[in-house]
Structures are given as C-alpha cells and as structure tokens.
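Student: The structure is given below, and queries will be raised subsequently.
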Amino acid sequence: MGVRKMEDFIFRQITFVRGQTLKLLDGITEEMADQIPEGFRNNIRWNLGHVYVVLERLAFHFSNQSQQLPDGYKEQFGLGTSPLSLPESVTVPTLHELKTLLQEQPERIRAVLSQNLQVKADPPYTTSSGMTLETPEQLLSFSIYHEGMHISTIKMYKKLLSN
C-alpha cells in the first residue's frame, strides 16, 4: 500500500469508527446519557465527550495545531475525570452539541493533517498503557483503538440501562 493510499485509509477508518460511535446515539435520551450504571464511574455522555477530547488532543496537540475544545471540556471529559466529581454548577453539553462536534471532527482532522502525517512529534507521546507514538499517523491510528474501547463501553451501558 503506497503512502497516499495509507493516508486515505487512516482517514477512512477514523470516519468509519466515528460513524459507529454516532449510530450508538440512536435511542439515547438526555436522561439516559447521564445515568451511571451501578459499579461504574462514568456515563454515556462522558464517554462521548471523552472520545472527542482525546482525539482532539491526539490529532492536534502533538502536531502543534490548535484544538477546538469548548470551555470546560478538558475538565469534564479528560483522562481520569468523572461526572461523579463534577460540581453541580457545571453545565454539561447536550447530546446534540456532542453529536455535532463528533460529526465535524474527522473532516477537520483530515483537512489539517492530511499532508503532515509523518511529521515527528517533539517530544513523542507515551500512552497510559506504555505505547510511544511519534507521528500524527501513529497518534490517529491509536485513536481508532481508543474510540473502539469506548464504543464497547457505550454499547454495554445502553444494554445495562435498557433493562
């Protein structure tokens, strides 16, 4: 597979995976999005916001591009956060707001990074699981795995909350 084809493939994968995430929103109400299943510390809304925030960081932060993070998103949806520890005064985004951000993100990433996938990040990023990522292409590839984990969590939460 040539470099150009690989670049196209990574963006097609991101778009496909994001489509799977967005399909999961079917049938989810605002109330359901905020329910935390017993034994867990996050909800569907948090998982959606977290997927957005993490991809935004992986795509743009390490390539020194500006991130589109609405006020409070990093504090609400960043690594280690939970709706359980948010002050009640925090305004959470609606599902519509999250859906819009999630829908627009893949094309914005393609527009900014399609010509810069092999540029080395300085310093490289090491994930919490110990994998070192050095280029936007590697970061984006890892984001697909990350989003897939959260797709699985959202599916499980939907099932638990529907019973």
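Student: Of everything in segment 112-163, what is within 30 Å of Ile36 (Cα to Cα), among the polar types (S, T, N, Q) and touching a residue at least 40 places away in the same chain (Cβ under 8 Å)? Give them in sequence order.
Tutor: Correct list: Ser128, Ser141, Ser143, Thr153.
Student: Within the bounds of segment 62-75, is there any residue that is out of contact with any Leu (no Cβ under 7 Å at 6 or more places or on another chain), in contact (Cβ under 8 Å) with a residue 40 or more places away in the chain, more than 13 Å from Leu25 (Cβ to Cβ) and hydrophobic (A, V, I, L, M, F, W, C)? If you could, list the steps in order and put the result at the bottom.
Tutor: The first filter runs over segment 62-75 and keeps only residues out of contact with any Leu (no Cβ under 7 Å at 6 or more places or on another chain), leaving 64-75.
Next, only the ones that are in contact (Cβ under 8 Å) with a residue 40 or more places away in the chain stay: 65, 68.
Subsequent filtering for residues that are more than 13 Å from Leu25 (Cβ to Cβ) retains 65, 68.
Filter once more, keeping what is hydrophobic (A, V, I, L, M, F, W, C): none.
No: zero hits.
Student: Might you check whether a residue that is surrounded by 14 or more Cβ atoms within 10 Å (Cβ to Cβ), assigned to a loop (DSSP other than H, G, I, E, B) and in contact with a Leu (Cβ under 9 Å, 6 or more places away or on another chain) occurs anywhere in segment 144-163?
Tutor: Within segment 144-163, none of the residues are surrounded by 14 or more Cβ atoms within 10 Å (Cβ to Cβ), assigned to a loop (DSSP other than H, G, I, E, B) and in contact with a Leu (Cβ under 9 Å, 6 or more places away or on another chain).
Student: So the check is Cβ under 7 Å with 6+ separation or different chains; which pairs have a first residue in segment 38-55 that's more than 14 Å from Leu161 (Cβ to Cβ) and a second one that's β-branched (Val, Ile, Thr)?
Tutor: Note: pairs meeting the criteria are Val51/Thr21.
Student: Anything in segment 35-71 that is out of contact with any helix residue (DSSP H, G or I) (no Cβ under 6 Å at 6 or more places or on another chain), more than 27 Å from Gln138 (Cα to Cα) and of a type outside the set (Asp, Glu)? List them, or say none.
Tutor: Across segment 35-71, the qualifying residues are Ile36, Gly39, Phe40, Asn42.
Student: Counting just the residues of segment 31-76 that are hydroxyl-bearing (Ser, Thr, Tyr) and outside any loop (DSSP other than H, G, I, E, B), which one comes out nearest to the chain's Cα centre (by Cα)? Quick ask: steps written out before the conclusion?
Tutor: The first filter runs over segment 31-76 and keeps only residues hydroxyl-bearing (Ser, Thr, Tyr), leaving 52, 63, 66, 73.
Within this subset, residues satisfying the condition of being outside any loop (DSSP other than H, G, I, E, B) are 52, 63, 73.
Values: Tyr52: 3, Ser63: 17, Tyr73: 12 Å.
The residue in question is Tyr52.
Student: Mind checking which residues of segment 109-132 are exposed (fewer than 15 other Cβ atoms within 10 Å of the Cβ) and part of a helix (DSSP H, G or I)? Please lay out each step first, then the result.
Tutor: Of all residues in segment 109-132, those exposed (fewer than 15 other Cβ atoms within 10 Å of the Cβ) come to 111, 114-116, 118, 120, 122-124, 126-132.
Result: Ala111, single match.
Student: So, one more: Please go through segment 36-80 and give me each residue that is hydrophobic (A, V, I, L, M, F, W, C), surrounded by 14 or more Cβ atoms within 10 Å (Cβ to Cβ) and farther than 15 Å from Leu98 by Cα, ordered by number.
Tutor: At the first step, the residues of segment 36-80 found to be hydrophobic (A, V, I, L, M, F, W, C) are 36, 40, 44, 46, 48, 51, 53-55, 58-60, 62, 69, 77, 79.
Pick out the ones that are also surrounded by 14 or more Cβ atoms within 10 Å (Cβ to Cβ) and you get 36, 40, 44, 46, 48, 51, 53-55, 58-60, 62, 69, 77.
Those that are hydrophobic (A, V, I, L, M, F, W, C), surrounded by 14 or more Cβ atoms within 10 Å (Cβ to Cβ) and farther than 15 Å from Leu98 by Cα: Ile36, Phe40, Leu58, Ala59, Phe60, Phe62.
Student: Here is a further query. Cβ-Cβ distance below 6 Å, separation of 6 or more or different chains: which pairs start in segment 77-105 with a residue that is in a helix (DSSP H, G or I) and end on one that is surrounded by 12 or more Cβ atoms within 10 Å (Cβ to Cβ) and hydroxyl-bearing (Ser, Thr, Tyr)?
Tutor: Here the result reads Leu101/Tyr52; Leu102/Tyr52, each pair linking segment 77-105 to a residue that is surrounded by 12 or more Cβ atoms within 10 Å (Cβ to Cβ) and hydroxyl-bearing (Ser, Thr, Tyr).
Student: Just for segment 81-100: of the residues that are of a type in the set (D, E, K, R) and closer than 23 Å to Lys23 by Cα, which one is surrounded by the most Cβ atoms within 10 Å (Cβ to Cβ)? First the steps, then the outcome.
Tutor: Of the residues in segment 81-100, the ones of a type in the set (D, E, K, R) are 88, 97, 99.
Filter once more, so that each one left must be closer than 23 Å to Lys23 by Cα: 97, 99.
Numbers: Glu97: 12, Lys99: 15.
The selected residue is Lys99.
Student: Give just the number: which of (1) of a type outside the set (Asp, Glu); (2) at pLDDT 95 or above; (3) in contact with a Pro (Cβ under 6 Å, 6 or more places away or on another chain) does Leu117 not satisfy?
Tutor: Failed condition: (2).
The values are calculated or read from the model by the stated rules, or taken from the named source; none is laboratory data. Only a predicted model underlies this, so the values are computations on that prediction, with no experimental measurement involved. Counting neighbours? That spans all protein chains shown, and the Cβs are built from the backbone with ideal geometry, glycine included.
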